[in-house]
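Trainee: Once you've had a glance at the structure underneath, I'll fire off some questions.
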Amino acid sequence: MVLNTAEWITAIEIGLIYAIVAIGIYLTFRTINFPDLTCDGSFVFGAAVSAILIEEGYTPAISILWAIVAGGVAGFCTGILHILCRIEDLLAGIIVAFMLYSVNLRVMGSSPNITFVNACTIFSDGNALIKTAVIVSILAVLLSYVLNTDWGLGLRAVGQNKSFASACGVNVKAMTIVGLTVSNALIGLCGAIFAQYQGFCDVSQGAGCLVIGLASVIIGEKVVRARNVAWGVVACVVGSVLYRAFIACAIHSDAFGLKTQDLNLITGLMIVAMMAARKKCCN
C-alpha cells in the first residue's frame, strides 16, 4: 500500500511537532551530556496543563505558555535533585517522571484523558503543516543563536568538560539546572502542541517520548553531518520527519505486514540499526 498525500502530510506534521522533543533531548544528551529521563513525564505535563486551561476557556496561546512553564519546572526539579540532593542523573530523571504521573492526573482532575476536539486551538483554522513548520523553524533558529552566544558556549563547555568549564569561570551546577529546565520546557511545549493537534490529552501520551526523540536525533545525525550546533539542531528536525515518514511507510505497507501495535518494535529495531551502522563507520 502506498501512502496518499494526506497521510504524507500528517506524517510530516507529526514529525515536525516531535522535532521539538528531539531538540530538547539533543540539548540534554548532546549539549550538556546529561542523560535526562524526565521527558516522558514533562511531555504529558505540558499537554495536561494546556488541555485543562483550554477547557477552562483560556486562549490556546496562553495555555501553551503555561505548558512551557510546567515543562521547565519539571526539568528544574530534576536538576535540583541531581545537583543539590546529589542523586545520580538517570535516577533523578526517573524519580521526577515517576512523580509526574500523579501530578498529571491531579492536573487533569483525576481523569486519565481530556477531550477538547470542538474547542479553539492553534490548529482550529487549519494550515497545521505551515504552523508547525513556522514554530519549529523559529525555535531552531533561536536555539542555534543562543547556543552560539557566550552563555551558550558556557553551556556547551559543561557538556564537553566540566572541570575545564569550571576553571574558566562557568557555574557548572547552575548551567546544568538551566539546561535541564530549557530542555524540558521545550518538551512541555511539544506536549501542548501535540495535544492541541490531536484534540485530546491522555495521561499515557508521553510513553516512549524519550525513545522517539533519541531515534530522531540518531537518524538526523546519520543523515545530516552536524558540523556545528546549528547543523545539530537541523539534524534533529530532519531526523524527526524522516522517522515519522519511515514509521508511516512501514505500518501502511502490506509487504511488511506490520500494524500499529508494532510501533515500539519498529522504533527499537531502527535505533539498533542506526547505532550499529554508526559504530561500524567509526571502526
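The values are calculated or read from the model by the stated rules, or taken from the named source; none is laboratory data. These numbers come from a predicted model, not from an experiment. Neighbour counts are summed over all protein chains in view; Cβ atoms, including those assigned to glycine, are modelled from backbone coordinates with ideal geometry.
Trainee: Report whether or not Val170 is of a type in the set (A, V, I, L, M) and part of a loop (DSSP other than H, G, I, E, B).
Mentor: yes
Trainee: Taking the residues in the range 195-209 that are touching a Gly at 6+ places or on another chain (Cβ under 9 Å) and among the hydrophobic types (A, V, I, L, M, F, W, C) as candidates, determine which candidate is farthest from Thr28 (Cα to Cα).
Mentor: Top of the filtered list is Cys201.
Trainee: Mind telling me which of the residues Ala6, Ala67, Ala61 ends up being under 15 Å from the mean Cα position of the chain (by Cα) and of a type in the set (Gly, Ala, Ser)?
Mentor: Residue meeting the stated conditions: Ala67.
Trainee: Of the numbered conditions (1) at pLDDT 95 or above; (2) loosely packed, with under 13 Cβ neighbours inside 10 Å, Gly93 satisfies every one except a single condition; which is it?
Mentor: Unmet condition: (2).
Trainee: Is it true that some residue in the range 91-105 is over 21 Å from the mean Cα position of the chain (by Cα) and either touching a residue at least 24 places away in the same chain (Cβ under 8 Å) or not in a helix (DSSP H, G or I) (or both)?
Mentor: No.
Trainee: Output the residue which, of all residues in the range 118-163 that are part of a helix (DSSP H, G or I) and of a type in the set (S, T, N, Q), is nearest to Ile54 (Cα to Cα).
Mentor: Thr132
Yes or no, residue by residue, for (1) closer than 23 Å to Asn228 by Cα; (2) loosely packed, with under 13 Cβ neighbours inside 10 Å:
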position: Asn104; (1), (2): no, no
position: Asn118; (1), (2): no, yes
position: Gly152; (1), (2): yes, no
position: Ser166; (1), (2): yes, no
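Trainee: Going residue by residue through the range 241-264, is there one that turns out to be at pLDDT below 90, at positive phi and not basic (Lys, Arg)?
Mentor: yes
Trainee: State which residue pairs qualify: first residue closer than 15 Å to Glu13 by Cβ and touching a residue at least 24 places away in the same chain (Cβ under 8 Å) and inside the range 115-143, second residue buried (at least 16 other Cβ atoms within 10 Å of the Cβ) and of a type in the set (Phe, Trp, Tyr) in any location, beta carbons under 6 Å apart, and separation of 6 or more residues or different chains.
Mentor: Phe123/Tyr197
Trainee: Which condition number in (1) of a type outside the set (Asp, Glu); (2) touching a helix residue (DSSP H, G or I) at 6+ places or on another chain (Cβ under 9 Å); (3) assigned to a helix (DSSP H, G or I) is the one that Ile87 fails?
Mentor: (3)
Trainee: Report yes if Ile23 is surrounded by 24 or more Cβ atoms within 10 Å (Cβ to Cβ), among the hydrophobic types (A, V, I, L, M, F, W, C), at pLDDT 95 or above and at negative phi, otherwise no.
Mentor: It is true that Ile23 is surrounded by 24 or more Cβ atoms within 10 Å (Cβ to Cβ), among the hydrophobic types (A, V, I, L, M, F, W, C), at pLDDT 95 or above and at negative phi.
Trainee: Among the listed residues Tyr58, Tyr26, Tyr18, which satisfies the condition of being hydroxyl-bearing (Ser, Thr, Tyr) and outside any helix (DSSP H, G or I)?
Mentor: It is Tyr58.
Trainee: Would you please name the residue that is surrounded by the fewest Cβ atoms within 10 Å (Cβ to Cβ), looking only at residues in the range 31-40 that are touching a Cys at 6+ places or on another chain (Cβ under 9 Å) and part of a helix (DSSP H, G or I)?
Mentor: Among those that are touching a Cys at 6+ places or on another chain (Cβ under 9 Å) and part of a helix (DSSP H, G or I), it is Asp40.
Trainee: Output the residue which, of all residues in the range 183-211 that are of a type in the set (Val, Ile, Thr) and either without any contact (Cβ under 8 Å) to a residue 12 or more places away in the chain or buried (at least 24 other Cβ atoms within 10 Å of the Cβ) (or both), is nearest to Ser42 (Cα to Cα).
Mentor: Ile187
Trainee: Do you know which residues across the range 217-245 are of a type in the set (Gly, Ala, Ser) and either without any contact (Cβ under 8 Å) to a residue 12 or more places away in the chain or within 14 Å of Met275 (Cβ to Cβ) (or both)?
Mentor: Within the range 217-245, Gly220, Ala226, Gly239 qualify.
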